[in-house]
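Colleague: Take a look at this one; I'll ask things after.
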Amino acid sequence: MSGAWVDQEALKLRLTEFFSQNRDSLSAFGSTVNQTFEAFVFAAVVAWYRQRGWKATFVHPKGEEGQDALRLKFSTRGKPSGYTHVLCQKGRRKVQVRHQLRVATSAYIESQQNLANICLDVAVIGEVDLSSYTTNHAVPVKYLITFGEAKHMSAFAELLAGFIGLVHEMQPSRLKKRTSRRKKPGDHLSPFLYVSGYLYPSGQGIWETIEHREYDVNVYFKTKALTDQFDLAAEGTAEDAT
């Protein structure tokens with residue numbers, strides 16, 4: 001997939017500045033544009049909470065020399081405690097922002113023969129201790145508050161349809177009309193798909209039908225940012241949507 005619409009070095013610089021504000025050093029950032037974009041979306045979620053008055057504290061694993069070290073999770077493998085997460089607190093409320101977290105699906109039954117879980121690019125969960133979790137453990141879906149998927153590409157119809165399928169597996173109640181749900185506006189992000197490019201006309205058409213159905217989901221892209229602190233509009237060379 002071409003990276004023409006994303007300046008990876010510019011994104012790295014912006015992310016380095018973001019993490020530096022938290023007195024964190026970025027030692028290993030991700031070797032591909034896909035990984036860099038995942039980190040961008042992770043940081044954007046943290047920024048979203050900060051803009052709404054949440055205190056964000058980075059929690060790091062111990063490095064090789066015993067020091068706290070920023071480490072983002074660019075793989076579906078690995079125990080959660082081995083990677084950085086962000087604790088967001090507002091009053092007595094606390095949530096964790098996690099990268100590549102394995103979460104059980106809403107329909108999973110513990111007695112069934114095979115596991116049913118999905119590694120989410122960015123997951124916001126409630127208070128739960130994951131220190132004993134291994135790479136194969138999945139967080140029960142009851143702790144999942146919201147989540148986001150990061151894709152370094154432009155969005156076509158099938159990608160948006162696949163995302164709606166993911167929402168159905170994880171939080172099917174999000175696919176009811178907003179008017180039929182009791183939810184305090186602005187408490188948390190809605191589940192979202194964030195693409196580094198644009199919506200192709202086929203993707204735009206699917207998105208319009210999603211809006212008509214009033215699903216509690218969102219899609220962000222090059223000219224529609226999750227937060228004004230982290231946008232892609234000024235990055236790289238703009239391409240016309242096709």
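Colleague: What about R98, is it of a type in the set (K, R) and at pLDDT below 95? Even if it seems obvious, please write down each step before you answer.
Modeller: Details: of a type in the set (K, R): yes; at pLDDT below 95: no.
Considered against the rule, which asks whether it is of a type in the set (K, R) and at pLDDT below 95, R98 comes out as no.
Colleague: All but one of (1) under 20 Å from H60 (Cα atoms); (2) among the aliphatic types (A, V, I, L, M); (3) in contact with a Ser or Thr (Cβ under 6 Å, 6 or more places away or on another chain) hold for A116, so report the exception by its number.
Modeller: Among (1) under 20 Å from H60 (Cα atoms); (2) among the aliphatic types (A, V, I, L, M); (3) in contact with a Ser or Thr (Cβ under 6 Å, 6 or more places away or on another chain), A116 violates only (1).
Colleague: When the residues of the range 174-190 are filtered to those that are under 20 Å from R50 (Cβ atoms) and either modelled with pLDDT of 90 or more or of a type in the set (A, V, I, L, M, F, W, C) (or both), which remaining residue is surrounded by the most Cβ atoms within 10 Å (Cβ to Cβ)? Before you say what the answer is, go through the steps one by one.
Modeller: Of the residues in the range 174-190, the ones under 20 Å from R50 (Cβ atoms) are 184-190.
Now drop any that are not either modelled with pLDDT of 90 or more or of a type in the set (A, V, I, L, M, F, W, C) (or both), which leaves 188-190.
Details: H188: 15, L189: 20, S190: 16.
My answer is L189.
Colleague: Moving on. Taking the range 214-240 as the search range and keeping residues that are at pLDDT 90 or above and acidic (D, E), which one is surrounded by the fewest Cβ atoms within 10 Å (Cβ to Cβ)?
Modeller: By that ranking, first place goes to E214.
Colleague: A further question follows. Going by the conditions given, is Y215 touching a residue at least 40 places away in the same chain (Cβ under 8 Å), over 22 Å from R98 (Cβ atoms) and in a loop (DSSP other than H, G, I, E, B)?
Modeller: Details: touching a residue at least 40 places away in the same chain (Cβ under 8 Å): yes; over 22 Å from R98 (Cβ atoms): yes; in a loop (DSSP other than H, G, I, E, B): yes.
Considered against the rule, which asks whether it is touching a residue at least 40 places away in the same chain (Cβ under 8 Å), over 22 Å from R98 (Cβ atoms) and in a loop (DSSP other than H, G, I, E, B), Y215 comes out as yes.
Colleague: Please find, within the range 149-160, the residue that is nearest to the chain's Cα centre (by Cα) out of those that are assigned to a loop (DSSP other than H, G, I, E, B) and surrounded by fewer than 20 Cβ atoms within 10 Å (Cβ to Cβ). Don't jump to the end; show me each part of the working.
Modeller: Start the filter on the range 149-160 by keeping residues that are assigned to a loop (DSSP other than H, G, I, E, B), which leaves 152-154, 156.
Filter again for surrounded by fewer than 20 Cβ atoms within 10 Å (Cβ to Cβ), leaving 153, 156.
Details: M153: 15, F156: 19 Å.
Applying the filter and picking the extreme gives M153.
Colleague: Sort out which residues of the range 136-148 are buried (at least 20 other Cβ atoms within 10 Å of the Cβ) and either within 13 Å of the chain's Cα centre (by Cα) or part of a helix (DSSP H, G or I) (or both), and write them in order of number. Quick ask: steps written out before the conclusion?
Modeller: Residues of the range 136-148 that are buried (at least 20 other Cβ atoms within 10 Å of the Cβ), as a first pass: 139, 144, 146-148.
Correct list: L144, T146, F147, G148.
Colleague: Could I ask something else about it? For A43, only one of the following conditions fails: (1) hydrophobic (A, V, I, L, M, F, W, C); (2) part of a strand (DSSP E or B); (3) at pLDDT below 95; (4) touching a helix residue (DSSP H, G or I) at 6+ places or on another chain (Cβ under 6 Å). What is its number?
Modeller: Against the list (1) hydrophobic (A, V, I, L, M, F, W, C); (2) part of a strand (DSSP E or B); (3) at pLDDT below 95; (4) touching a helix residue (DSSP H, G or I) at 6+ places or on another chain (Cβ under 6 Å), A43 comes up short only on (2).
Colleague: Kindly check whether there is at least one residue in the range 94-115 that is of a type in the set (S, T, N, Q), touching a His at 6+ places or on another chain (Cβ under 9 Å) and surrounded by fewer than 21 Cβ atoms within 10 Å (Cβ to Cβ). Reasoning before the result, please.
Modeller: To start, the set of residues in the range 94-115 that are of a type in the set (S, T, N, Q) comprises 96, 100, 105-106, 111-114.
Going one step further and asking which of them are touching a His at 6+ places or on another chain (Cβ under 9 Å), we end up with 96, 106.
In the following step, the residues that additionally are surrounded by fewer than 21 Cβ atoms within 10 Å (Cβ to Cβ) were identified as 106.
Yes, the range 94-115 contains a residue that is of a type in the set (S, T, N, Q), touching a His at 6+ places or on another chain (Cβ under 9 Å) and surrounded by fewer than 21 Cβ atoms within 10 Å (Cβ to Cβ).
Colleague: Ok, one more. Consider the range 118-135. How many of its residues are crowded, with 22+ Cβ neighbours inside 10 Å and without any contact (Cβ under 8 Å) to a residue 24 or more places away in the chain?
Modeller: Going through the range 118-135 one residue at a time, the tally reaches 0.
Condition check ((1) closer than 30 Å to E208 by Cα; (2) modelled with pLDDT of 95 or more) across all residues:
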{"position": "K94", "(1), (2)": "no, yes"}
{"position": "T105", "(1), (2)": "yes, yes"}
{"position": "Y108", "(1), (2)": "no, yes"}
{"position": "Q112", "(1), (2)": "no, no"}
{"position": "V124", "(1), (2)": "yes, yes"}
{"position": "Y133", "(1), (2)": "no, yes"}
{"position": "P140", "(1), (2)": "no, yes"}
{"position": "F163", "(1), (2)": "yes, yes"}
{"position": "H168", "(1), (2)": "yes, yes"}
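The values are calculated or read from the model by the stated rules, or taken from the named source; none is laboratory data. All of these numbers come straight from a predicted model, not from anything done at the bench. Positions of Cβ are generated from backbone atoms using ideal geometry, with glycine treated the same way; all protein chains shown enter the neighbour counts.
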